[in-house]
Amino acid sequence: MTFMYKKIICQTACLVLASYAVSASALFLSASETKDAKANKALAVPFTNVKINDKFWSPRIKTNRNESLPHNFKWCEETGRFSNFAKAGGLEKGKFEGKYFNDSDVYKVLEGASYCLADRPDAKLDAMVDDVIAKIAAAQEDDGYLNSYFTLVTPDKKWTNCASQHELYCAGHLFEAAVAHHRATGKRNLLDVALKFANYIDNMFGSGKRVDVPGHEEIELALVKLYELTGEKRYLDLAQFFLDVRGDASKRKIYGEYLQDHIPVREQSEIVGHAVRAMYLFCGVADVAAHTGDKGFIESCDRIWHNTVERKTYITGGIGATRVGEAFGDDYQLPNKSAYCETCAAIGMLLWNHRLNLMHQDAKYMDTFERTLYNGFLSGIGLDGKMFFYVNPLASDGTHHRKPFYPCACCPTNVVRVLPSLPGYVYARSGDNIFVNLYIGGSGKIDLSGNAIQIEQKTLYPWDGHVKFTITPAKPQKFAINLRIPAWSDTCSIAVNGKPVDNATLEKGYARLERLWKPGDTVELNLPMTIKRIEANPKVAADRGRVAIQRGPIVYCFEGVDNCIDRQSFVKSIMLPRDPKFTAKHHSDLLGGVTVITGHDVAGRKITAVPYYAWDNRAPGDMAVWVYQDGKSRKPPLDDPAWNNKLYRPLDPKTLGPSEPLPATTMAVVSASHTHDTLSALNDDNLPSDSCDHKIPRFTWWDHRGTREWVQYDFFKPIKVKSTEVYWFDDERINQNCRAPKSWRLLYRSGEQWKPVAATSSYGTKLDCMNRVTFKPVETTALRLEVELVPNFSSGILEWKVE
């Protein structure tokens, strides 16, 4: 019998790729493996031992090398990031340019370049890297201090504002780049700079010295990388010092919740504050705990992980709900259109979950890694490799787009280092166990007890769930291969040398295959990829009555470019039928090659879904991940115990109840006599703060002036209506040329004619409020709002509702 089993998707359905290939876990010296008696963790197979040859990832890694990396080099050059070091080192004259933490972007670009050099030697790239390193070395002061901003701008204020000036944050990225560069090239030119600065910081901070912590965590995990590379315990001790004094008001003035500095780390149970900082903090916590066995740190990581993935993570693996402070919100506060989901925060999820996987050897962490990798992270970069999202919302009105760079450029420079580090996340080992964490075509070389084990993967993942492995040990050896069975998988089958396996055990999400392995042995894993509707915990207000679509690890979205009639998008009015007949088909010529899902909504309209990561790579338009589901209540009970410790799960059609019609305007197709701005603003449920609100989308008839104009709602079936509300756009207060109209009226379609409604209240033109009109109820398939514009002025509407 073939090995089969059932498994329910856990609410975390979001996994992360965690700690860079060159991360703490991936860079162990052989001495480090035995030095820490309390350590009990698996080791990542380093990026230098894994080669990717994969139809999905190889083109992306190539684009990163050929497009993204040169693009980031160019922007760092043009924005003065490179020259800041040259100026600080006396190689050039001039003033500091940009933000005070711009040094960190240079270090991240160098780290990315190092991974590229490890993958394929390149003399030109090597020379470019060495040129930048020479500038960095010149900027280092005699005592080891290195920060171009403070050297050039405020040399008398070093270490006076660790909470917000990012000196330690920048140092951390230097250390990470130096370790990666040395691992990739064997050179010491950047490593020597980093070690000199690390020694300076160690002499400056610690018990009996300066007692402070970085406002933006990063140096903690980076110090552990230096420890793993050099064996110098002072770096591990300094990392632990920063963690020990964080949040401890008895030892220093604490900076508060936003910086995760409100209570001691070992006592923290809720993820709070700035999302990226929080992720980097708990990466450092996991790293130190992995070496010391610190029970308090391990338990804190575990509590924080449950709080994060069970209450504060998007279905894409993105985190950080609020734009204010780029921070986590309250439990279940997961809005879609206003979601922040910074790309760097997704990267932090990758790093942290990878570390936790190595610590616990539990597949649930790599499930979160995988979900984040294919969705929340990958959406951060455009298909051309030169356009980037800083913010990754789960819904858009068509105004959110990628950009080539940002004044705060942390995301583009972070992406460029993560993609080429991907080989370091595929495999891990512990004792006589090999863990297969990601299904990516290529090969890996793994040392088990002095025996070199070669593993080759062939797969079309994430579009197809068939994976074939060829195992080639240098000599026959008994060991276990542990295959991660993804949380999204309901069933699977495994065969060894063509024979079905019926006795594999499932341990912490891994199918364990222990046997005497010989050269040429094969393993085949089949993970059927069905199309699933996913529902969210009813406490997530934004997703009530809605579902998302997922196939394999890929979360899908609906874009206006695919879901429109006469170029008018109907994305926001999509409602799935109770038993949708979905079809999945791969299109090699679309969006770099994607599997597209098609079907029909309750209105009979053809609907098309594409992978979320690929949105905004074609014509601009609206987008939604969560769409309405017929029979799913928009006012569900919030205390259902079945949702305890769950955030997402596959929809059970048996739980669907009575149909609930959508608001009439949601289902309407909008048209107008003339359009200057955006039609979708009329019914986007985005209420303005006042009639001159320029922060939200608006509709105007500009630059038609003093004319008769109209806007219209067409409904796919007759509806009964009895009132309407209009919020007028008027920009007189900023001396522009839109005014509330001179007059207006509402008409309804009756057969082939337009007839005015029998109003029972006046047609108002007040500003800064909804103008409500009631009328004798009518049944119609269309409504038209007709206006007479003020002479010499145009007009507009911010919201139009119908009941």
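The values are calculated or read from the model by the stated rules, or taken from the named source; none is laboratory data. Quantities reported herein were computed from a predicted structural model and do not represent experimental measurements. All Cβ positions, glycine included, derive from the backbone under ideal geometry; neighbour counts span all protein chains shown. The protein model used for the area step is the full one, side chains on, heavy atoms only, and it has no ligands, DNA or RNA in it. Shrake-Rupley method; radii C 1.70, N 1.55, O 1.52, S 1.80 Å.
Quick look at the numbers
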item	result
Pick from region 341-383, criterion surrounded by fewer than 24 Cβ atoms within 10 Å (Cβ to Cβ) and of a type outside the set (A, V, I, L, M, F, W, C), ranking: nearest to H71 (Cα to Cα)	G382
When residues of region 746-768 are limited to those that are of a type outside the set (F, W, Y), in contact with a Phe, Trp or Tyr (Cβ under 9 Å, 6 or more places away or on another chain) and part of a strand (DSSP E or B), the one farthest from R784 (Cα to Cα)	A759
Filter result for the condition that a residue is crowded, with 18+ Cβ neighbours inside 10 Å, under 19 Å from S430 (Cβ atoms) and at pLDDT below 95, over A504, A480, A511	A504
Any helices (runs of 4 or more DSSP H) falling wholly within region 112-206 and containing at least 1 residues that are within 24 Å of S421 (Cα to Cα)	123-139, 167-185, 189-204
Whichever residue in region 787-803 is under 44 Å from the mean Cα position of the chain (by Cα) and open to solvent by 10 Å² or more (accessible area, probe 1.4 Å) and, among such residues, is nearest to P697 (Cα to Cα)	K801
Residue pairs meeting the criteria (Cβ under 7 Å; at least 6 apart or on separate chains; first modelled with pLDDT of 95 or more, in region 178-201; second among the aromatic types (F, W, Y) and part of a helix (DSSP H, G or I))	A180/Y115; A184/Y115; A194/F175; A198/F175; A198/Y235
From E220, E228, residue being part of a helix (DSSP H, G or I), under 16 Å from Y255 (Cβ atoms) and of a type in the set (D, E)	E220
Region 717-730, residues that are crowded, with 16+ Cβ neighbours inside 10 Å and farther than 17 Å from K801 by Cα	D730
Entirely in region 491-597, the strands (runs of 3 or more DSSP E) that have 2 or more residues that are free of Cβ contacts under 8 Å to residues at least 60 places away in the same chain	505-507, 510-517, 521-526, 583-587
Residues of region 543-574 classified as within 11 Å of V627 (Cα to Cα), at pLDDT below 95 and open to solvent by 40 Å² or more (accessible area, probe 1.4 Å), total	1
Residues of region 426-472 satisfying the condition of being touching a strand residue (DSSP E or B) at 6+ places or on another chain (Cβ under 7 Å), more than 19 Å from W488 (Cα to Cα) and either among the β-branched types (V, I, T) or outside any strand (DSSP E or B) (or both)	D432, I434, G441, I446, I453, I455, T470, I471, T472
Sole residue being surrounded by 24 or more Cβ atoms within 10 Å (Cβ to Cβ) and not charged (D, E, K, R), chosen from T322, T308, T292	T308
All positions within region 77-101 that are open to solvent by less than 60 Å² (accessible area, probe 1.4 Å), farther than 22 Å from H216 by Cα and among the charged types (D, E, K, R)	K87
